[in-house]
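Novice: What follows is a single structure, and I will ask about it in a moment.
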Amino acid sequence: MTLCWRCLLTQREVEEAVLGRIRPQAAEQEEILAIAREIIDAVNASGIAEGMLVGSVARGTWVQGDRDLDIFMLYDPDLTKEELEERGLALARSIATRFGDTWREKYAEHPYINATIRGFDVDLVPCYRVASGAEIRSAVDRTPFHTRYIRERIAPLVDDVLLLKQFAKAGGVYGSDQMTEGFAGYLCELLVLHYRGFLPLLRAAARWKPGLFIDIEGHAAKTFDEPMVVVDPVDPKRNVAASVSLSQMFAFVELCRGYLDAPSDRFFFRPAGEFFTQETFAALVADRGTYLYAVTFATPPFIPDVVVPQLRRSLEGVRALLERSGFPVNRAEEAMGEERCMLLFELFAEQMPAVVRHVGPPVWSRENAEKFAVMWRQRKHFCGPYIENDRYVVEIERKYTRAAALLASPELLGVGLGKHVKQAMEKEWKVLEGEECWSPVFAPFFTAFLQKESPMARVLRNGK
């Protein structure tokens, strides 16, 4: 795409103005680094581990206002996994107790401590002190290598990384968690390194297609089947972009095209959310003329990266049950709240007739056809079996004529629910209809569901 000098100037003006708002201020930098030094000194003073600052703060690629701090505690690789967890958690608890206002144990590949320290969200993570990326024993062991790799190369491009992160955040595509399926901070840094800047990346991304392959070090040690592949420079068998869904990949593409066509700070800052009220929600549902159903249950006591994939599996299982029972689904989405989870379905019909066609085997498959015919002559049915073309057909009574009854039935527990979702639903679940589905806790979710749009459409709407 060829840009005129005026467009370039406009982009520079926009980007400089954005950087003025997102670069961390000196006082903010001093505050977070002072806290990091105190914690690292405490880790080192223990004599059993080496403290290391990792993540975007260590790499100088954090955006103003971010309050996340990652401190890794590196242990001798001769320790067993059980010893690492036991000693690492004991040290992390003592540090969190000493410095933190509150703290709790969390679990990724192994346990770690998440603490609130002077207003910062601090993760205290034990890992192994391994010599190279090829020797990692758990996923977190890679992180120190990521930090060193980026820190040694990123200095001339820090502003470009800040712009990309803010751009991705505002566009709703930042974050590698299961709910977002977007671009991790480390991935943003690698893309800027590969394309040598924010604007060159956007120009290239505007032409991306599925099958994108980037290998900065030229050392890929396996093949990958994801739509976007960025081989980890410190682990040739890992795709850093594995979390990026096809939808989010092309949401980013659309945003890049839009910004290149008409640069604006609207691509970097989203207005404060205005969510539907219950009245607006009810009116929009009525206008659509569809039927909304929510299945809610207690949130399983696990982190989102564990629960969200199970919610999606469960959502698809219930969707399949609805559709094979005669209730066509327009859209279905899942939401995870602190206390309740929700599977939301928009149906084109809420009730089906009592009669349903049941098609049997071909008449020419004599043994199967005769079994079918004999069975249905003996069972209750409306009519049949009769022959239609080469098959037997029988018209029988539908088990559930209303979607609400089906969703409230024991059938739900047999549709391939995620393990923890099923455990929660075995205790209880509720079925809500129409306006009853609304809850202030889920107001952002309902707003996004009924106002579903691409990132570019949202940018244009926000600019009105």
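The values are calculated or read from the model by the stated rules, or taken from the named source; none is laboratory data. As the structure is a prediction and not an experimental result, all values here were calculated from the model. So basically every Cβ, Gly included, is an ideal-geometry build from the backbone, and we count neighbours across all protein chains shown.
Novice: Looking at (1) modelled with pLDDT under 95; (2) in a helix (DSSP H, G or I), which one does Met249 not meet, given that it meets all the others?
Specialist: With (1) modelled with pLDDT under 95; (2) in a helix (DSSP H, G or I) applied to Met249, the lone miss is (1).
Novice: Would you be able to tell me the number of residues in the stretch 20-50 that are surrounded by fewer than 14 Cβ atoms within 10 Å (Cβ to Cβ), at negative phi and not in a helix (DSSP H, G or I)?
Specialist: 1
Novice: So, in the stretch 399-424, of the ones that are surrounded by fewer than 15 Cβ atoms within 10 Å (Cβ to Cβ) and in contact (Cβ under 8 Å) with a residue 60 or more places away in the chain, which residue ends up farthest from Arg324 (Cα to Cα)?
Specialist: Gln423
Novice: Okay, moving on. Scan Ala139, Ala131, Ala115 and give me the residue that is modelled with pLDDT under 95 and either surrounded by 15 or more Cβ atoms within 10 Å (Cβ to Cβ) or of a type in the set (Val, Ile, Thr) (or both). Don't jump to the end; show me each part of the working.
Specialist: Details: Ala139 fails: either surrounded by 15 or more Cβ atoms within 10 Å (Cβ to Cβ) or of a type in the set (Val, Ile, Thr) (or both); Ala131 fails: either surrounded by 15 or more Cβ atoms within 10 Å (Cβ to Cβ) or of a type in the set (Val, Ile, Thr) (or both).
One residue alone meets the criteria, Ala115.
Novice: Against the definition (touching an Asp or Glu at 6+ places or on another chain (Cβ under 6 Å), at pLDDT 95 or above and either crowded, with 19+ Cβ neighbours inside 10 Å or among the hydrophobic types (A, V, I, L, M, F, W, C) (or both)), how does Leu53 come out, yes or no?
Specialist: Details: touching an Asp or Glu at 6+ places or on another chain (Cβ under 6 Å): no; at pLDDT 95 or above: yes; either crowded, with 19+ Cβ neighbours inside 10 Å or among the hydrophobic types (A, V, I, L, M, F, W, C) (or both): yes.
Judged against the criteria, Leu53 is not a match.
Novice: Any idea which of Gly100, Gly133 is farther than 30 Å from Arg23 by Cα, touching a strand residue (DSSP E or B) at 6+ places or on another chain (Cβ under 9 Å) and not assigned by TED's automatic domain parsing to the domain that holds Leu187?
Specialist: Working: Gly100 fails: farther than 30 Å from Arg23 by Cα.
Exactly one of Gly100, Gly133 is farther than 30 Å from Arg23 by Cα, touching a strand residue (DSSP E or B) at 6+ places or on another chain (Cβ under 9 Å) and not assigned by TED's automatic domain parsing to the domain that holds Leu187, namely Gly133.
Novice: What pairs come up if the first residue lies in the stretch 71-98 and is farther than 14 Å from Ala115 by Cβ, the second is of a type in the set (Lys, Arg) and surrounded by 13 or more Cβ atoms within 10 Å (Cβ to Cβ), and their beta carbons are under 6 Å apart, counting only those six or more places apart or on different chains?
Specialist: Note: pairs meeting the criteria are Leu74/Arg129.
Novice: Looking only at the stretch 163-212, count every residue that is acidic (Asp, Glu) and either in the same structural domain as Gln310 (by TED's automatic domain parsing) or modelled with pLDDT of 95 or more (or both) and tell me the total.
Specialist: Restricting attention to the stretch 163-212, the residues satisfying the condition of being acidic (Asp, Glu) are 177, 181, 189.
Of the ones still in play, those that are also either in the same structural domain as Gln310 (by TED's automatic domain parsing) or modelled with pLDDT of 95 or more (or both) are 189.
Going through the stretch 163-212 one residue at a time, the tally reaches 1.
Novice: Within the stretch 224-244, work out how many residues are assigned to a loop (DSSP other than H, G, I, E, B), touching a helix residue (DSSP H, G or I) at 6+ places or on another chain (Cβ under 6 Å) and of a type outside the set (A, V, I, L, M).
Specialist: 2
Novice: Among (1) surrounded by 14 or more Cβ atoms within 10 Å (Cβ to Cβ); (2) modelled with pLDDT under 95; (3) closer than 26 Å to Pro301 by Cα, there is one condition Asp121 misses while meeting the rest; what is its number?
Specialist: All conditions pass for Asp121, except number (1).
Novice: Out of the helices (runs of 4 or more DSSP H) lying entirely within the stretch 137-219, which hold 3 or more residues that are closer than 24 Å to Val54 by Cα? Walk me through it before giving the result.
Specialist: Values: elements: 143-151, 158-171, 185-195, 198-205.
Ranges flagged: 143-151, 158-171, 185-195.
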